[in-house]
Amino acid sequence: MLIEFSVANFRSFRGRQTLSMVASSRMSRKENVFKPEVDGEKLPSLLKVAVIYGPNASGKSNLLQALDVVSKVAYREPSNSDINLPVAPFGFDKDLENRPSEFELHFVHKRVRYQFDLSATKERIHRERLLSFPKGKEMLLYERTYDGQTETYDFGPWLTNLVSDSVLDTWKQITPPRLLFIAQAVANSSEEIVVLKEPFEWLKNGSLSLVDGMKRMAQAAQELVEQDEIHAKSIASFLRQVDVPIAKIRAEKVQLPIASLGVFVQQDDKTAGLRKSRLRTTLTHESSLGAANFSFDDESEGTKNLIGFWLPWVTKDPLSNQRRVLIVDELDSSLHPKIVVALVEKHIHAEIPSQLIFTTHDTHLMDAKLLRRDQIWITERDQAGATQLRCIHDFSGREGEDIEKRYFEGRYRGLPILKRR
């Protein structure tokens, strides 16, 4: 579970900005928070939901991209070591253009609290540090630092007691500038080095980010439907819960002759009969007049987005042993506001808690009956073009006030400044 995330010198972020999932004390709607399970220390409650508002181009999407950087870097393979790292400095400050982007994650995994720091340019990792807090006591696992000329490592006693100096030296030597040391250590260890493996599991898979729309997920969902009827029933049920009257969904692979692909091919013995397969997905709608079949392409953008959203929604479910933080850009895209509210409510009232972080322009969610003040965040640009991130709870106000009204009155800032003739 995510406790806190900070970013600096990344895209529209100049100075350090922090998104906290720590719940404020003495607030109502206790169903919106949960107690993290940690051995040996008592942590404050964490929020199940954080929603980010702000004008277009104020940095909302950049925040979600920043949240995804560590996971992307953790997934890199040695074959990707020549590909630039997925970072970009703040563009308006010349003093920062050659300095690394910085990321800091505080999280809980398997009843232990961790802190992971990453500092990197496109060309290389400049700093990588992992701290563990068993029973609340801070312990350094390792720290990797590049000062512009040489790279140094500092290993904590917990790791040096488990791994020999020669093995640590080998891991250092095989770690290229654009790959994480912890990734190389876990991949090349012949033993179960739990103190590294478990936090690395979270760095890779602790979040699922949807920042590029739902098309990729919608395609994956259709492929699962073609493979197993259980998935088809699950998607249909999910859609019916948000008032999309789908009785059945099915997908099949159809073979297309190469001539139908719109390109001229001189057929010979090798190309004759060559075919390409594609999925054909059919959705059965029901009404008082009966049932009718429609192709996936005929569905509304909202229905397509919901089909894409089904897969991450299912995989965030703790019952499937995937305690992921689900990160979604523009959750309200092509969806009715009541459907968005229903999804957020369903998430909040799930039997086993998980976390959802998303951006939206749907201010209906500011309704004080659904979210708390500490769950609503605002982005805005300062005069230098840098993103400022603030929680509504940081502004004076009382619990239960009309947050949506006060937002449009400019009490929390974060509104577009429109020029009038």
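The table below gives the values:
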{"quantity": "Heavy-atom accessible area per residue - the chain, 1.4 Å, Å²", "calculated": "52 Å²"}
{"quantity": "Heavy atoms of VAL341 accessible to a 1.4 Å probe, total area in Å² rounded to 10", "calculated": "40 Å²"}
{"quantity": "Cα gyration tensor, the chain - rounded (a/c under 1.5), prolate or oblate", "calculated": "oblate"}
{"quantity": "By accessible area with a 1.4 Å probe, ligands and nucleic acids excluded, highest first: order of ARG127, ARG216, ARG26", "calculated": "ARG26, ARG216, ARG127"}
{"quantity": "Cα-based Lys pair tally, segment 323-421, threshold under 19 Å, eight or more apart or on separate chains", "calculated": "5"}
{"quantity": "Theoretical ellipticity at 222 nm over the chain - DSSP helices of four or more residues, -39500 (n - 2.57) apiece, nearest 500", "calculated": "-7500 deg cm²/dmol"}
{"quantity": "Alpha carbon centroid spacing (whole Å) that separates segment 45-90 from segment 170-206", "calculated": "20 Å"}
{"quantity": "Those chymotrypsin sites (Phe, Trp or Tyr not before Pro) in segment 325-421 that DSSP places in a loop and that have at most 15 other beta carbons within 10 Å", "calculated": "PHE395"}
{"quantity": "Segment 20-152 shape via C-alpha gyration tensor axes, a/c threshold 1.5", "calculated": "oblate"}
{"quantity": "Straight-distance crosslink candidates among aspartates and glutamates, where the alpha carbon sits under 16 Å from LYS253 and sequence neighbours closer than 8 are dropped", "calculated": "GLU223, GLU226, ASP228, GLU229, ASP297"}
{"quantity": "Förster radius 30 Å - calculated FRET efficiency between PHE294 and ARG127 (Cβ-Cβ, nearest 0.05)", "calculated": "0.05"}
{"quantity": "Theoretical gain in end-to-end length, SER396 to LYS42 [0.36 nm per residue, Cα-Cα removed]", "calculated": "124.6 nm"}
{"quantity": "D (Stokes-Einstein, µm²/s), Kirkwood Cα radius, segment 276-421, 1.002 mPa s at 20 °C", "calculated": "117 µm²/s"}
{"quantity": "Distance between modelled label sites at ASN56 and THR18, nm, 7 Å Cα→Cβ extension", "calculated": "3.3 nm"}
{"quantity": "Cα gyration tensor shape of segment 36-111, rounded if a/c is under 1.5, else prolate or oblate by comparing a/b with b/c", "calculated": "oblate"}
{"quantity": "Most to least accessible of GLU104, GLU252 (protein chains only, probe 1.4 Å)", "calculated": "GLU252, GLU104"}
{"quantity": "Selection of GluC sites (Glu not before Pro), segment 320-379, meeting DSSP coil and at most 16 other Cβ within 10 Å", "calculated": "GLU351"}
{"quantity": "Surrounding net charge for VAL22, when Lys and Arg each add one and Asp and Glu each subtract one, Cβ distance under 9 Å", "calculated": "-2"}
{"quantity": "DSSP-loop trypsin sites (Lys or Arg not before Pro) across segment 300-405, with at most 12 other Cβ within 10 angstrom", "calculated": "LYS369, ARG398"}
{"quantity": "Solvent exposure, largest accessible area first (probe 1.4 Å, DNA, RNA and ligands not counted), of LYS94, LYS72", "calculated": "LYS94, LYS72"}
{"quantity": "The chain - share of DSSP beta bridges that are antiparallel (%, nearest 5)", "calculated": "80 percent"}
{"quantity": "When each of LYS35/LYS204; LYS35/LYS110; LYS248/LYS304; LYS60/LYS304; LYS72/LYS197 is checked by Cα-Cα distance, pairs over 19 Å", "calculated": "LYS35/LYS204; LYS60/LYS304"}
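The values are calculated or read from the model by the stated rules, or taken from the named source; none is laboratory data. It should be emphasised that the depicted structure is a prediction, and the values quoted were computed from it without experimental measurement. Glycine also receives a Cβ, built like all others from the backbone with ideal geometry; neighbour counts cover every protein chain displayed. The area values use the complete protein model at the heavy-atom level, side chains included, leaving out ligands, DNA and RNA. Shrake-Rupley method; radii C 1.70, N 1.55, O 1.52, S 1.80 Å.
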